[in-house]
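Scroll down for the structure; my scribbles are underneath it.
Throughout, read-outs are computed from the coordinates displayed, never taken from laboratory work. No experiment lies behind these values; they were computed from the predicted model shown. We place every Cβ from the backbone using ideal geometry, glycine too, and count neighbours over all the protein chains shown.
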Amino acid sequence: MSTMRHTDPVLPVLEARGLRLHLADRAGARWFRKAPRLEILRGIDLSVAQGETIGVVGESGSGKTTLGRTLLRLYEPTDGSLRFEGQDITHAREERLRPMRARMQCIFQDPLSSLNPRHRIEDIVAQPLLSFGLVRDRSEARGRARQLLERVQLSQSFALRYPHELSGGQRQRVGIARAIAASPKLVIADEIVSGLDVSTQAQILMLLREIRAETALVFISHDLSVVRALCDRVLVMHRGVVVEQGATDAVFARPEHDYTRDLLASIPLPERDPNWIGSA
Amino acid sequence: MTPPVLLDIDGLRVSVGGRPVLRDVSLQVRSGEIAGLVGESGAGKTMAGRAVLGLLPDAARVLSGEIRFDGTDLLSLKARAREALLGRDIALIPQNPMTALNPVARIGTQIVDGLRMHLGLDRNGARARAVELLQAVHLPDPESLLRRFPHELSGGMRQRVLIASAFSCRPRLVIADEPTTALDVTVQKQCLRLIRELQRQHATAVLFVTHDLGVVAKLCDSVAVMHGGRILEFRSGDDIFRAPRHPYTRALLAATPRFDRPGDTLVPVSAEVLARLQEEVDVYDAAH
């Protein structure tokens, strides 16, 4: 197996072509019959290069979370192709994916349920380094973990605490530190600022701006304003299809698809406009 | 002519387990007006709404202040008299449309029961009224909807049902606690429009609790900005958004991402602003 890595920024870290995914619809299942299959992703094209941040937006049920999971090969696509660092991983087996997993990381929406409540913060952040054999021993891993905590602006005093002792914003910083621990080439962040207050959200966005140069970042969010604040490009999803994709500034200034226009018109900006709400 | 003040919260101080959560909260809502109560988590905004409803947690103590509803102090009313107002004169639109409805009761039962209890309608009368209410919130095929269970409805439909039942007894005051936070933006806009429409029709006073400055800007006639259990400024929506006076209000606005502005215009709330607020809270607590 090749261990070649692409460091050339113009070569995409991740490239999806015509990505399709069908999943069994368990709600529609009947006894002794095969569950009907739902098409969740219906031909997605996406590519993201190092240092590039791409926003995936859409409403609930649009397939954006499923897309994130498929990009990480947590689901096996039914059709299309998926390449990571130039290698075709569309149908790669887990043992082939395993060494690549260090270089593709994820940050989750709810840090409380994605951080082990019985582990100390330093061990949570150190875990990827140990799992992927990137350090000699646990003490080196912990040392690195403390450096990572510093990077996400958490003081040393947090290292020995447990997740429940932290605020939502602090926990999300831990999630970010863990994701960048193994110096990944790809980070998928799924709704990671949704549960946060505005002031905390702004701090996390600032932090993401600092780390985004080092990796390819796929930022999944229902919040188009947050995406504008962070992403170079945006991809608008609706019912498993990309309806519009382009540079964030251009798409938001001149949306071409009706659905994008609808979404933007539905966002209440914090300024007075008696006509915005309209009448039914 | 300005309509009369219907809800008058005056110098309300509440502590939970000895810890102050509301510090001298004063706020008025006029009939036919939507007042926004906006703040970040822990600001005390939900607590203020619950105090009006008489639904404070067991460990909470009202230390001083009054909550006057149409001139009557709710806090000095007997429990029975206070409960009689709930659902009929004062209604709630809860935050989570997934948990606020009884999962094992049909939609019809849940609306009809309220109507029979509060308005004394008979079964058929209540059923007919329920159909009207569901029509008023623009839900299709209300007759068959009454026979459905909550899990058969989408989040947006459930929230419409809750809006319909909050307005079902023509309440004079509605407390809306983050009613659209769990919804997609397009559905949120429909629900906000609906609340505005019903509230205008019946000249209902609404206390709208939210963390979303955007929602407040579009919906509310007056706005109270809360932090640390205190109201930092309470003015008309036009004034607050044209010329925010309090440094915290200005900081919140600057920290709110906007799709119409480039990302580098975003400024997190500064440590100075937060330190100043904490200092003021400490001074207040020392004096009480």
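Here are a few things to note about the model shown:
- In order along segment A:152-168, phi translates into HN-Hα couplings of 8, 6, 10, 6, 3, 5, 7, 3, 9, 8, 10, x, 5, 7, 9, 7, x Hz, rounded to whole numbers, per the Karplus curve 6.51 cos²θ - 1.76 cosθ + 1.60 with θ = phi - 60° and x for Gly and Pro.
- Separation between Cα centres of segment A:145-180 and segment B:124-186, rounded to whole Å: 43 Å
- Charge tally for A:PRO111 (other residues, Cβ to Cβ under 10 Å; Lys, Arg +1; Asp, Glu -1): +2.
- With Cα atoms, 0 to 90° folded angle of helix B:271-287 axis to chain B main axis: 80 degrees
- For the peptide B:262-269, the mean number of other protein chain Cβ atoms found within 10 angstrom of a residue's Cβ is 6.
- Ordering of B:100-110, A:32-42, B:221-231 by packing is B:221-231, B:100-110, A:32-42, highest average first (other Cβ atoms within 10 Å, averaged per residue).
- Shielding of B:174-185 by partner chains, average beta-carbon count, 10 Å: 2
- For segment A:183-190, 3J(HN,Hα) computed residue by residue from phi via the Karplus equation (6.51, -1.76, 1.60; θ = phi - 60°) reads 6, x, 8, 9, 10, 9, 10, 9 Hz, glycine and proline entered as x.
- Listed pairs A:LYS34/A:LYS64; A:LYS64/B:LYS45; A:LYS34/B:LYS189; B:LYS45/B:LYS218; A:LYS34/A:LYS185 exceeding 29 Å between Cα atoms: A:LYS64/B:LYS45; A:LYS34/B:LYS189; A:LYS34/A:LYS185
- In the protein assembly as shown, the DSSP-assigned H stretches of four residues or longer account for a calculated mean residue ellipticity at 222 nm of -11000 deg cm²/dmol, using -39500 (n - 2.57) per stretch and the full residue count as denominator.
- Loop-located trypsin sites (Lys or Arg not before Pro) in segment B:121-213 (DSSP state other than H, G, I, E, B) with a sparse environment of at most 15 neighbouring Cβ atoms within 10 Å: B:ARG147, B:ARG148.
- Whole-angstrom gap from segment A:63-135 to segment A:217-280, using each part's C-alpha centre: 28 Å
- Summing charges over neighbours of A:ARG93, with a neighbour being any other residue whose Cβ is under 12 Å away from its Cβ, gives 0 when K and R count +1 and D and E count -1.
- When B:CYS220, A:CYS231 are sorted by how many other C-beta atoms sit within 10 angstrom of their C-beta, beginning with the fewest, the order is B:CYS220, A:CYS231.
- Antiparallel content of DSSP bridges confined to chain A, in %, to 5: 55 percent
- Per-residue average of Cβ from other chains inside 10 Å of A:200-206: 5
- Packing-based ranking of A:11-21, A:145-155 yields A:11-21, A:145-155, ordered from highest to lowest mean Cβ neighbour count within 10 Å.
- Charge context of B:ALA59, other residues only, Cβ under 13 angstrom, K/R +1, D/E -1: +2
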